[in-house]
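The values are calculated or read from the model by the stated rules, or taken from the named source; none is laboratory data. The shown structure was predicted, so the numbers you read here are calculated from the model rather than taken from an experiment. Positions of Cβ are generated from backbone atoms using ideal geometry, with glycine treated the same way; all protein chains shown enter the neighbour counts. Only protein heavy atoms, including side chains, enter the accessible area calculation; ligands, DNA and RNA are left aside. Shrake-Rupley method; radii C 1.70, N 1.55, O 1.52, S 1.80 Å.
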Amino acid sequence: MAERRTYELGRMTWKEIEQILPRNPVLLIPIGTVEEHGPHLPVNADNLAADFVARRAAEATDAYLVPAINYGYSPLCSDFPGTISIRPETLTLLVRDVCGALVRQGFRRFIFVNNHGGNQPSCEQVARELKAEHGLIIGNIYPWTIGYAVMRDAYDEPAAVYGHGGEPETSAMMAMYPDDVVTSLMASRDPVMTGPFKPRRDNLIEIPGQSVGGTIFYDYGDFFPNGTTGDPTQASAEKGRMWIERVVSFAIDFVKHYDNATAAEPWARRPGDPQVREAD
Ligand SMILES: [Zn+2]
């Protein structure tokens with residue numbers, strides 16, 4: 001493959017983009033949201049981490065980075081200043097339209113780098129609609145969740161420190177964007193019961209006499225006055241560098257595997273296209 005001037009679609013001209021089309025590249029679409037992440041992390045944390053991981057993965061593979069979708073569905077945090085939540089219907093239509101525009105031009109292979117749980121239903125809906133209509137199989141990388149899975153050995157008690165604005169998110173942000181972590185405002189989780197329920201973490205409450213939690217759809221502000229559900233005081237840049245190493249290498253391997261596994265699939269070629277990969 002010829003040397004790339006850039007892996008960012010948004011910095012390429014339409015002529016350059018036209019030239020990569022026959023190669024049928026994998027496109028990475030970062031998706032996030034603007035929401036509070038505790039008193040110490042920027043409201044763009046989900047977006048910044050999605051961008052970081054997607055960027056590193058595109059750079060290390062043959063994939064291209066699509067300009068990001070930076071607004072998402074964050075109703076749990078809506079009362080915190082700076083949170084900007086859009087309706088799930090709006091997000092679904094936005095993701096759908098972005099993909100639709102690229103499908104129309106002949107792009108067939110997409111991986112969402114969605115870094116916010118509230119967006120997952122919209123992403124899945126769009127992926128399933130595009131599968132039904134065009135046969136496409138869309139991938140999804142969720143950096144925070146991958147981080148939870150691969151960082152457990154870095155903590156004595158992961159369950160006690162993991163959480164929204166807790167760990168390993170804070171460590172990751174310290175390593176990726178040190179200037180945007182306000183360490184002087186870092187505080188451990190301090191749940192305060194303002195209603196009739198005792199909270200555990202996201203949407204889970206204690207049921208008296210039961211070891212299993214019950215589901216209640218509350219807002220973070222109802223129980224977690226500082227917007228953190230984990231313990232960021234365990235954070236360090238060193239753990240963050242470990243997070244980057246592990247999460248980025250997962251993302252790179254995911255993209256390479258998806259690329260190899262789908263290159264020869266009939267749905268991955270534009271209708272009427274010959275075996276374009278062999279002509280490379
Ligand atoms: Zn989020």
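Considering only Pro168, Pro208, Pro178, the mean-square fluctuation computed in a Gaussian network model of the chain, springs between alpha carbons under 10 angstrom, is largest for Pro208. Summing charges over neighbours of Leu91, with a neighbour being any other residue whose Cβ is under 14 Å away from its Cβ, gives -4 when K and R count +1 and D and E count -1.
Listed by chain and number, the aspartates and glutamates whose C-alpha is less than 15 Å from the C-alpha of Lys198, apart from same-chain residues fewer than 8 away, are Asp190, Glu206, Asp219, Asp222. Spin-label pair Leu185-Tyr148: with each label point 7 Å from Cα along the Cα-Cβ axis, the two points sit 2.4 nm from one another.
Here Ser249 and Thr194 are evaluated by their C-beta separation; at R0 = 41 Å the FRET efficiency comes out at 0.45.
For the range 209-265, the solvent-accessible area with a 1.4 angstrom probe is 50 square angstrom per residue.
When all protein chains stay in place and ligands, DNA and RNA are ignored, the 1.4 Å accessible-area order of Glu3, Glu129, Glu8, Glu167, largest first, is Glu3, Glu129, Glu8, Glu167. Against the main long axis of the alpha-carbon atoms of the chain, helix 237-262 sits at an angle near 30°. The per residue volume of the convex hull around the alpha-carbon atoms of the chain is 144 Å³. Only beta bridges with both residues in the chain are counted; by DSSP, about 20 percent of them are antiparallel. Is the range 8-65 rounded, prolate or oblate when judged by the Cα gyration tensor, a ≥ b ≥ c being the square roots of its eigenvalues, rounded requiring a/c under 1.5 and prolate requiring a/b larger than b/c? It comes out prolate by the Cα gyration axes.
The reciprocal of the average 1/r between distinct C-alpha atoms defines the Kirkwood hydrodynamic radius, which for the range 27-159 equals 15.5 Å. Using the Cβ-Cβ distance between Gln19 and Leu93 with R0 = 35 Å, the FRET efficiency computed as 1/(1 + (r/R0)^6) comes to roughly 0.70. Per-atom-type breakdown for the range 34-119 gives carbon and sulfur 55% of the accessible area (1.4 Å probe, protein chains only). These residues, Phe110, Phe250, go from largest to smallest accessible area, 1.4 Å probe, as Phe250, Phe110. The C-alpha atoms of the chain define a longest principal axis, and helix 120-134 lies at about 20 degrees to it. Counting only protein chain heavy atoms and rolling a 1.4 Å probe, the accessible areas of Arg152, Arg269, Arg109, Arg246 rank, largest first, as Arg152, Arg246, Arg269, Arg109. Taking a ≥ b ≥ c as the square roots of the Cα gyration tensor eigenvalues, the range 109-261 comes out oblate, since a/c reaches at least 1.5 and a/b does not exceed b/c. Taking each DSSP H run with n ≥ 4 as -39500 (n - 2.57) and averaging over every residue of the chain yields -11500 deg cm²/dmol at 222 nm.
Bridging of Lys131 to lysines at a Cα separation below 25 Å is possible for Lys256, once same-chain residues fewer than 8 apart are set aside.
Under 20 Å from a label point set 7 Å out along the Cα-to-Cβ vector of Asn203, the amide N atoms of the range 72-112 belong to 72-80, 84-93. How much of the accessible area of the range 192-263, in percent, comes from carbon and sulfur atoms when a 1.4 Å probe is used? Here carbon and sulfur together make up 56 percent of the probe-accessible area.
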